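Student: After the structure tokens below, expect a handful of questions from me.
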Amino acid sequence: MVLWLVPVPAAQRQVPLFSAAATGVRVDVLVTERNVPVSGLTAADFTLSDNGVSQEIDVLESSDVPINVVLAFDGSGSTEGRNISDLVEAGHALIAGLKPNDRIALTTFNHAVAPRVSLTSEFSQVAQALERIEPRGQTAILDGIHSAIMTTQAEAGRSLVIVCTDGRDTMSWLQADEVAEVAKRSNAVIYAVAAGGARRWSDLTDLTSLTGGHTIEIEKRGDFRAEIL
């Protein structure tokens with residue numbers, strides 16, 4: 001094969017064009033007073049800075065905006081017994097706090113990740129699926145979180161990923177820094193319900209903090225319900 005290179009007159013060459021645009025960044029904020037959410041706030045009630053530089057707040061959405069919740073649930077063998085009961089109760093408490101326009105999905109993880117229920121407003125589907133979880137296998141928490149984040153990617157509106165686990169990762173293909181990079185590019189806020197060895201696990205708390213969420217440590221039944229009501 002022979003290639004012929006033909007010079008192009010300067011007048012016919014395309015001149016590259018460059019443009020610049022401002023990008024809006026979503027920031028989720030929860031304001032509480034004595035553990036009770038504060039309502040009725042406006043943009044004037046907030047100040048926002050980035051590396052010490054004050055930023056303009058253009059839009060303020062209230063908490064009444066429907067949310068998409070993806071519940072990433074630990075189904076590994078370590079949860080068998082009391083731990084699975086506590087985590088399932090936490091899941092039911094979460095469902096009870098949703099509003100009719102919200103949607104919820106369920107993904108479980110042990111040594112593998114399994115999407116159980118797609119985003120739906122039929123909350124009973126997720127409630128029933130939680131009761132059918134049979135603990136077994138190892139724990140791929142980071143893979144489960146990654147799958148939950150990806151579930152929210154194409155969805156409009158506010159997205160939350162709620163991770164319920166009682167241990168630390170023993171089986172994931174992905175590393176914490178890889179999941180963190182995906183989390184940074186998403187609009188999802190990650191919360192964690194941590195029992196057992198998952199409490200004070202730095203990889204989990206770092207992910208929740210990175211996205212504006214936090215970790216709820218439960219030691220006994222009812223702890224999670226007290227956090228959300």
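The values are calculated or read from the model by the stated rules, or taken from the named source; none is laboratory data. Remember, predicted model here, so these are calculated numbers, not experimental data. In this analysis, Cβ positions are derived from the backbone assuming ideal geometry, glycine residues included, and neighbour counts consider all displayed protein chains. These area figures cover heavy atoms from the full protein model, side chains too; ligands, DNA and RNA do not enter into them. Shrake-Rupley method; radii C 1.70, N 1.55, O 1.52, S 1.80 Å.
Student: Return the long-range amide H neighbours of THR139 (sequence gap of 5 or more, or a different chain), with a cut-off of under 5 Å between placed amide H atoms.
Tutor: Those lying under 5 Å, H to H, from THR139 are THR170, MET171.
Student: Something else: Rounded to the nearest 0.05, what FRET efficiency do ALA156 and THR47 have when you use their Cβ-Cβ distance and R0 = 25 Å?
Tutor: The calculated FRET efficiency here is 0.35.
Student: Over the Cα atoms of region 121-229, compute the convex hull volume and normalise it per residue, giving Å³.
Tutor: Spread over its residues, the Cα hull of region 121-229 gives 124 Å³ apiece.
Student: How large a share of the accessible area of region 122-177, in percent, is made up of carbon and sulfur atoms when the probe is 1.4 Å and the other protein chains stay in place?
Tutor: Roughly 47 percent of what the probe reaches on region 122-177 is carbon or sulfur.
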